[in-house]
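The values are calculated or read from the model by the stated rules, or taken from the named source; none is laboratory data. Model, not experiment: these values are computed from the prediction. Don't worry about glycine lacking a Cβ; one is built from the backbone with ideal geometry, like all the others, and counts go over all protein chains shown. The accessibility values were calculated without ligands, DNA or RNA, using every heavy atom of the protein model including side chains. Shrake-Rupley method; radii C 1.70, N 1.55, O 1.52, S 1.80 Å.
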Amino acid sequence: GTLRLDGRRVDPRQTRDSRTVGRIRPRDFSGLSGGFSGRYQRNRDLAIGLSLLRTFRAPGIEELFSEGPHLAAYAYEVGNGSLDSERGLGLELSLDYDRPQGHIHLALFRNRIDGYIFPKNTGQYSLRRADLLLYRTVGEKALMHGAEVTFYWHPVNNVEAGGTFGYVRGVLANRNDGNIPRLPPLQGRLN
């Protein structure tokens, strides 16, 4: 098992009130991260692992105090000076299958996050940039689950294949299990 204490101080150049962001002031964040894991070697080829994780992530200065266009996302993003940290609990089950020809690793996971930080579409256009929708940074309860598989295989000489595929589904608990925005659901790569 592991345990880590994280801390972050966000110290803007000036302290002031903002009509959109809220109070801009120094903020201090701290929290524990850690995990416990175990592995059972079923036989020579197959191993089963289980991990329990606790995570902590403090918001960044841009999530707290930004106010401006994010042109790559076609959004006008506004921070939230009263955000709290993200705190999560996760569970992961893994299977490893090893043979002389190669290996396959499969992981299934489920994470519950309190205060998941993301820019939420308000459905309104920005008063400063009327061509961009207004996104306000929020922290909400979220649930993510998914799978990842990694493999490398060489069945005969001079023939080999490998790759990684991952799927994640994320929902926001406070919004009738609506999807987490900007979360790529399926990713893959073949070598």
Of the listed peptides 100-109, 179-188, what is their order by residue-averaged count of other C-beta atoms within 10 Å, with the highest listed first?
100-109, 179-188
Relative contact order, percent, of the chain when contacts are C-alpha pairs under 8 Å separated by at least 6 residues?
15
Under the 0.36 nm per residue contour assumption, what length would be gained going from the current alpha-carbon distance of Leu95 and Trp153 to full extension?
19.3 nm
Could you work out the relative contact order of region 1-111, using alpha carbon pairs under 8 angstrom and six or more residues apart, expressed as a whole percent?
23
Consider just the alpha-carbon atoms of region 96-191 and return their Rg together with their Dmax, both in angstrom.
19.8, 64
Residue-normalised accessible area of the chain, expressed per residue, 1.4 Å probe, Å²
64
If amide H atoms are built 1.01 Å from N in the plane of the peptide, which residues on other chains or at least 5 residues away come under 5 Å of the amide H of Ser66?
Gly79, Asn80
Highest mean first, what order results for 66-79, 29-42 on Cβ atoms within 10 Å?
66-79, 29-42
Tell me what the chain gives for mean residue ellipticity at 222 nm when only DSSP H runs of n ≥ 4 count, each as -39,500 (n - 2.57), the sum divided by the residue total, rounded to 500 deg cm²/dmol.
-500 deg cm²/dmol
Specify which labelled value, from (i) 17.6; (ii) 18.2; (iii) 19.6, agrees with Kirkwood radius over Cα pairs in Å derived from the coordinates of the model shown.
(iii)
If R0 is 41 Å, what FRET efficiency do you get for Asp131 and Asp45 from their C-beta distance, rounded to 0.05?
0.10
Carbon plus sulfur, as percent of the 1.4 Å-probe accessible area of the chain, comes to 53
Along region 110-118, what does the Karplus equation 6.51 cos²θ - 1.76 cosθ + 1.60 (θ = phi - 60°) give for ³J(HN,Hα), rounded to whole Hz, x for Gly and Pro?
8, 10, 10, 10, 8, x, 4, 8, 7
Running Debye on region 73-150 with equal point scatterers at the Cα sites and no solvent, what base-10 log of I(q)/I(0) appears at q = 0.18 Å⁻¹?
-0.80
